[in-house]
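The values are calculated or read from the model by the stated rules, or taken from the named source; none is laboratory data. Since the structure is predicted, the reported quantities are computational estimates derived from the model, not experimental observations. Here the Cβ is made from the backbone with ideal geometry for all residues, glycine too, and neighbour counts use every protein chain on show.
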Amino acid sequence: MTSKQAFRGGLTALAGILLCAGSFSIATAQQSKLRIIQTNSAGDNVHIIDAATNKVVGEIKGIEAPHGVAVAPDNSRIYISEQANNTVTVIDGKTLQVTKRIPLSGNPNLIDLTPDGRYLYVAIALTWDDVSEFPQIKANPSGGVDVIDTASLTNVKTIAIRGGVHDLNVTPDGKYVIVGNSRGAKPPANVMTVVDTRTNEIAWTMPISPAPSPMAVTKNPDGSTDKIYAQNGSLNGFSVVDFATRARTNQIKLPDIPPAQQNPFGGPAASHGIAVTSDQKTLLVNSRLNSAVYAYSLPDLKLLGGVALGGKGAGWLTITPDDKTAYVANEHTNNVSVVDIKSLKETALIPVGYAPARNATWMAP
């Protein structure tokens, strides 16, 4: 080898080292900015968790009874459904200050954004506070889905849906909103509704008893909607709905544990909180009853294992963008479990506010 060849080889190796170092530093920087936004539904604040240290590093105050949370694709805004005021509250991503409260048609629960961030869909529950015929108490004429235009930050439409709504999911391709008609109706509606986001009209409905709530959605290789994995409030498990055929194809019951080990606080739902990893290979499912999280392989739904949580009342979970970690809100013990997905081990338990509800990932500026 000549000295010139050796020199060129050294430059190539150095470039490779610098490239790897650059990639590592970018990944490290991104990881250092990753936050978990945790609403506390029985309090007046929202906590911010640093995913690198698993410590609470921030707090958004003055949000009364916060429930759902969604983050703009560019991380510039955080949207919170505020039940006390019947609003979507808009938080500036840089200052963490409230910039606007958008009035809603009723009491809000879960919220979800289209992938481009243009529209925010809000689940509106029935409110049983009409005393016009007291002593009979009736539901007010609310319930459905509110459509928020995020460009103008206005409520542009209410889609009336029978039975009221607790949970909804925008499909991965952004073409539909899957809605569970499952909050407040007497008798219950027992329906799943699909809304077309291009028209904001109901595309089709499917009878399903009980109605789905919460849900996770998988996609086909072309990005279209594949399956809906739906909890329903009563089963300690979930159902599988095929989007193309509009039929329930399977029902999975989570593992049984001895009654003495079950969560003594009970409901409101035996299983609440379900999510799919971004690689579409793993389904994570909460069990409030078991105070546990279970992992299933996709699409074959083979049980991969479970992890007993240090907190009680698992009510929601979110998965980090790298598919490595899940954060589980434990409503009954006011903390958040950190779960390593590969090993199915709880690695931390983070104290937060009263009755932690929904959570989401956010990249701090």
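Overview of results
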quantity: Residues (buried (at least 24 other Cβ atoms within 10 Å of the Cβ) and not aliphatic (A, V, I, L, M)) located in region 288-310; calculated: ARG288, SER291
quantity: Hey, GLY43 within 22 Å of PRO356 (Cα to Cα), part of a strand (DSSP E or B) and either among the small types (Gly, Ala, Ser) or at pLDDT below 95 (or both) or not; calculated: no
quantity: Pairs, first over 18 Å from GLY164 (Cβ atoms) and in a loop (DSSP other than H, G, I, E, B) in region 85-108, second acidic (Asp, Glu) and at pLDDT 95 or above, C-beta under 8 Å, six or more apart; calculated: ASN85/GLU64
quantity: Any hit, region 256-271, residues being in a strand (DSSP E or B) and surrounded by fewer than 19 Cβ atoms within 10 Å (Cβ to Cβ); calculated: no
quantity: Selection count where residues are within 21 Å of VAL165 (Cβ to Cβ) and in contact (Cβ under 8 Å) with a residue 40 or more places away in the chain, scope region 217-239; calculated: 10
quantity: Residues of region 244-255 satisfying the condition of being surrounded by fewer than 12 Cβ atoms within 10 Å (Cβ to Cβ) and not in a loop (DSSP other than H, G, I, E, B); calculated: ALA247, THR249, LYS253
quantity: Filter result for ILE80 (under 20 Å from HIS166 (Cα atoms) and surrounded by 24 or more Cβ atoms within 10 Å (Cβ to Cβ)); calculated: yes
quantity: Boolean, VAL57 is more than 19 Å from the chain's Cα centre (by Cα), surrounded by fewer than 17 Cβ atoms within 10 Å (Cβ to Cβ), modelled with pLDDT under 95 and among the β-branched types (Val, Ile, Thr); calculated: no
quantity: Residue count for region 142-187, restricted to those that are in a loop (DSSP other than H, G, I, E, B), farther than 17 Å from VAL217 by Cβ, of a type in the set (Ser, Thr, Tyr) and in contact (Cβ under 8 Å) with a residue 40 or more places away in the chain; calculated: 1
quantity: Condition met for LEU283 (part of a loop (DSSP other than H, G, I, E, B) and either aliphatic (A, V, I, L, M) or on the phi > 0 side of the Ramachandran plot (or both)); calculated: no
quantity: Count - residues of region 83-99 that are out of contact with any Asp or Glu (no Cβ under 7 Å at 6 or more places or on another chain) and either among the acidic types (Asp, Glu) or surrounded by fewer than 14 Cβ atoms within 10 Å (Cβ to Cβ) (or both); calculated: 4
quantity: Residue satisfying all of: in region 339-365; assigned to a loop (DSSP other than H, G, I, E, B) and aliphatic (A, V, I, L, M); nearest to ILE78 (Cα to Cα) among these; calculated: ALA364
quantity: Candidate set from region 149-170 (those that are among the hydroxyl-bearing types (Ser, Thr, Tyr) and surrounded by 15 or more Cβ atoms within 10 Å (Cβ to Cβ)); member that is farthest from the chain's Cα centre (by Cα); calculated: THR158
